[in-house]
Amino acid sequence: MNQTPHYQIESATDPQQVSRRVAIFPKKVSARFETPEPEEKLVMSFPHLVIREAICFQVVVIAMALLALFFNAPLEELANPEHTPNPAKAPWYFLGLQELLHFFPPVVAGVVLPALVVIALIVIPYFNINLKREGLWVHNRKKTFVILSSVVFLASLVTGLYQAFDIVIPTLILFGLAILPYFAPREKGWIHWLARRSLAEWIMAWFVFVAGLLTIVGTFFRGPGWSWVWPWIS
């Protein structure tokens, strides 16, 4: 007695439940198998990021408290309206802007440039250059070199016309470090480490370098009339 076999189609995502599968390919179509790319490992902001930020906050507060306990920082004398100090310096966290005011018109240094920096810091995280985090020279090295050189040249030219060498010098230094892997590629070492830095990391490094240098120059190297002075020469 012949028994007709019965077949039942099962669908499941677990290969352990349905171990045998049938694939049907039309004629003149070859089978293609794609290897899934490993996804970037992501973690939640809480607790991984929040806990680290809280620890850093506590460390900074403790360090500031110790500095206040062991180092005296007396206040200056009361303000005298008949005697204006020369130079009248802003708090250290605003000295970068005050240094920019020495080179650029007030509207540019006090409004335009800070607004552009804030907008850039808000927008850049949403660009692919920040999401992919690929090295600067991964794709189309020649095109990247031409665009980067043009941007740096124009920025240095404009700031140089205003004699803002506090911006020109760090810009050229970072540009030299950025293009070093282009002319002298290495498979290991610090040049290879530079080649792995993404464009977003270079932009952030430039921003921190320029802001820090402007603050240092405004704090220690500016004297009466905002002229250049050497801090070790009284």
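No value in this document is a laboratory result; all are computed from the given coordinates. This one's a predicted model, so the numbers in the text were calculated from it and none came from an experiment. Because the Cβ atoms are built from the backbone with ideal geometry, glycine has one as well, and the counts that use them run over all protein chains shown.
Extension gain for N140 to W232 (0.36 nm times residue separation, less C-alpha to C-alpha distance): 28.3 nm. Of the chymotrypsin sites (Phe, Trp or Tyr not before Pro) found in the stretch 85-171, those in coil by DSSP whose Cβ has at most 13 other Cβ atoms within 10 Å are F127.
For the stretch 135-206, count the residues as N, evaluate 2.2 N^0.38 Å, and divide the Cα radius of gyration by that value, please.
Numbers: Rg = 12.7 Å, N = 72, 2.2 N^0.38 = 11.2 Å.
Compactness ratio reported: 1.14.
The modelled label-to-label distance between L69 and Q163, using points 7 Å beyond Cα along the C-beta direction, is 4.9 nm.
Quick one: Cα centre-to-centre distance for the stretch 73-127 and the stretch 155-234, in angstrom? Here the two parts' Cα centres lie 19 Å apart.
Local charge sum around G218 (other residues, Cβ-Cβ under 14 Å, Lys/Arg +1, Asp/Glu -1)?
0
Residue separation of I62 and K89 scaled by 0.36 nm, minus their Cα-Cα distance, works out to 6.9 nm of gained length.
Amide H contacts under 5 Å for R222: V229, restricted to partners 5 or more places along the chain or on a different chain, H placed in the peptide plane at 1.01 Å from N.
Shape of the stretch 49-128 from its Cα gyration tensor (a ≥ b ≥ c, root eigenvalues): rounded if a/c is under 1.5, otherwise prolate when a/b > b/c, or oblate?
Values: a/c = 4.20, a/b = 1.06, b/c = 3.98.
Oblate shape, in that a/c is at least 1.5 and b/c is the bigger or equal ratio.
When the Cα positions of L214, V112, A184 are compared along the charge dipole of the stretch 93-226, A184 comes out farthest toward the positive end, with charges on each C-beta of Lys, Arg, Asp and Glu.
Mind checking the dipole of the stretch 53-171: about its Cα centre, +1 per Lys or Arg Cβ, -1 per Asp or Glu Cβ, Debye to the nearest 20? Don't skip to the answer; put the middle values down first.
Working: 6 positive and 7 negative charges, 186 e Å.
So the dipole magnitude of the stretch 53-171 works out to roughly 900 debye.
How high is the relative contact order of the stretch 120-199? Use alpha-carbon pairs under 8 Å, at least six apart in sequence, and give a whole percent.
Values: 57 pairs, mean separation 34.9, N = 80.
In percent, rounded to a whole number, it is 44.
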